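**Student:** Shown below is the structure under consideration.
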Amino acid sequence: MTEIILITAIIFLSSFVRSIFGFADALIAMPLLLLVTDISLASPLVALFSSLIAIGIILKDIKNIKAIFDLPMLAAILIFIPIGNYLASSISEALINVTLALTLIAFALFKLFYKNTLKLHINSFTKYIIAVISGLLGGAYNVNGPPIVIYGTVSSWSPSEFRARLQGFFLPTNLVICITHYANGLWTVNLFQTFSICLPVVLIAFTLGTYVNKKIRVETFNVAVYYLLLILGIYLIINSLS
């Protein structure tokens, strides 16, 4: 009983954060869930709820569906995922994670303390560079998200646009992860029992997070995103050195 209460509380918190910012649910959920249950339950549970929330966010902003799905950029990411998977064996995972972590930390600190001095212009070339990096990192080490989040932070999107457009990149990869979990036999009776218990609180978290996203000031939202990137960078370093 204690385990399921803790799992439900963790899923609520991670879903609430995802519903506000559009990312960072796995950053919260996976480390905490692994303290109370095993990865064979935690990983597919997070993937299912991540996909569900992504679908919910997209449906909330369905009128802007063409803006949400940047198909050329998404295609570039998907093309480079298998290439990243192929290259993974020749590059140290710890080295890549630490390099990515330091980049995230440097970017977050720079934006937090020198917010008016960093001017980046996103054009077609830089978009595809970001897509290639995201695809390579996703295929090699399942960390395709950070480059896309950085892309979003320098694109001057509103909080609701930021949240929605991230899902256009994250939902396809989440669905692929879910299919992989199914193929590997991780879709079990226990998984769906836990999923059904957590579902009501996730719906509450999604409703509350959506409300906060619509009310939050742009400046406050941006600062919160930079802090989340900072935490993500620190987490990647700790995870790489453990």
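**Student:** Just order 42-53, 99-110 by mean Cβ neighbour count inside 10 Å, highest at the front, would you? Walk me through the intermediate numbers first.
**Tutor:** Details: 42-53: 22.8, 99-110: 17.5.
For the peptides 42-53, 99-110, the packing ranking is 42-53, 99-110.
**Student:** A follow-up question, please. Would you kindly state how much longer the chain becomes between Ile234 and Ile5 on full extension, computed as 0.36 nm times their sequence separation minus their alpha carbon distance, in nm to one decimal? Write down the numbers at each step before the final one.
**Tutor:** Details: separation 229, 0.36 × 229 = 82.44 nm, distance 2.78 nm.
Gain in length upon complete extension: 79.7 nm.
**Student:** Normalised by the residues of region 1-152, what does the relative contact order come to in percent, with Cα pairs under 8 Å and at least six apart?
**Tutor:** Working: 112 pairs, mean separation 33.5, N = 152.
Result for region 1-152 is 22 percent.
**Student:** By its C-alpha gyration tensor, with a ≥ b ≥ c as the square roots of the eigenvalues, how is region 85-242 shaped: rounded for a/c under 1.5, else prolate for a/b larger than b/c, else oblate? Display every interim value, and only then the final one.
**Tutor:** Working: a/c = 1.75, a/b = 1.15, b/c = 1.52.
Judged from the Cα gyration tensor, region 85-242 comes out oblate (a/c at least 1.5, b/c at or above a/b).
**Student:** State the percentage of accessible surface on the chain attributable to carbon and sulfur atoms; use a 1.4 Å probe and exclude ligands, DNA and RNA.
**Tutor:** Details: 8620 of 12280 Å².
The nonpolar share, carbon plus sulfur, comes to 70 percent.
**Student:** So what's the back-of-envelope 222 nm ellipticity for the chain, counting only DSSP H runs of four-plus at -39500 (n - 2.57) apiece and dividing by all residues, rounded to 500?
**Tutor:** Here the helix-only value at 222 nm equals -27500 deg cm²/dmol.
**Student:** How much area per residue is accessible in the chain when the probe is 1.4 Å and only protein heavy atoms are counted (Å²)?
**Tutor:** On the way: 12280 Å² over 242 residues.
Result: 51 Å² of accessible area for each residue.
**Student:** Where does each of Val143, Val202 land when they are ordered by accessible area, with a 1.4 Å probe and the largest first?
**Tutor:** Heavy-atom accessible area, descending, gives Val143, Val202.
**Student:** How high is the FRET efficiency from Asp61 to Leu35, r the C-beta distance, R0 51 Å, rounded to 0.05?
**Tutor:** Values: r = 34 Å, r/R0 = 0.67.
Efficiency computed from Cβ-Cβ geometry: 0.90.
**Student:** With a point put 7 Å past each Cα toward its Cβ, work out how far Phe125 is from Phe69 in nm, to one decimal.
**Tutor:** If labels sit at Phe125 and Phe69, their model points lie 3.0 nm apart.
**Student:** Taking a 1.4 Å probe, which of Thr2, Thr210, Thr180 shows the most accessible area, and what order do the others take after it?
**Tutor:** On the way: Thr2 100, Thr210 10, Thr180 65 Å².
Descending accessible area places them as Thr2, Thr180, Thr210.
**Student:** How would you order 8-17, 30-39 from highest to lowest mean count of nearby Cβ atoms within 10 Å? Write down the numbers at each step before the final one.
**Tutor:** Values: 8-17: 21.0, 30-39: 14.8.
Going by the mean number of other Cβ atoms within 10 Å, highest first, we get 8-17, 30-39.
**Student:** Dipole magnitude of the chain about its Cα centre, charges +1 at Lys/Arg Cβ and -1 at Asp/Glu Cβ only, in debye to the nearest 20?
**Tutor:** Dipole of the chain, to the nearest 20 debye: 840 debye.
**Student:** Sort Val149, Val98, Val176 from largest to smallest accessible area, using a 1.4 Å probe on the heavy atoms of the protein chains.
**Tutor:** Details: Val149 5, Val98 40, Val176 85 Å².
My answer, sorted largest first, is Val176, Val98, Val149.
**Student:** By its C-alpha gyration tensor, with a ≥ b ≥ c as the square roots of the eigenvalues, how is region 170-242 shaped: rounded for a/c under 1.5, else prolate for a/b larger than b/c, else oblate?
**Tutor:** Details: a/c = 2.36, a/b = 1.31, b/c = 1.80.
Oblate.
**Student:** Sorted by average packing, counted as other Cβ atoms within 10 angstrom per residue and highest first, what order do 157-166, 187-196 take? Write out the running numbers ahead of the final one.
**Tutor:** Numbers: 157-166: 20.7, 187-196: 13.9.
For the peptides 157-166, 187-196, the packing ranking is 157-166, 187-196.
The values are calculated or read from the model by the stated rules, or taken from the named source; none is laboratory data. Quantities reported herein were computed from a predicted structural model and do not represent experimental measurements. In this analysis, Cβ positions are derived from the backbone assuming ideal geometry, glycine residues included, and neighbour counts consider all displayed protein chains. Surface areas here come from the heavy atoms of the whole protein model, side chains and all, with no ligands, DNA or RNA. Shrake-Rupley method; radii C 1.70, N 1.55, O 1.52, S 1.80 Å.
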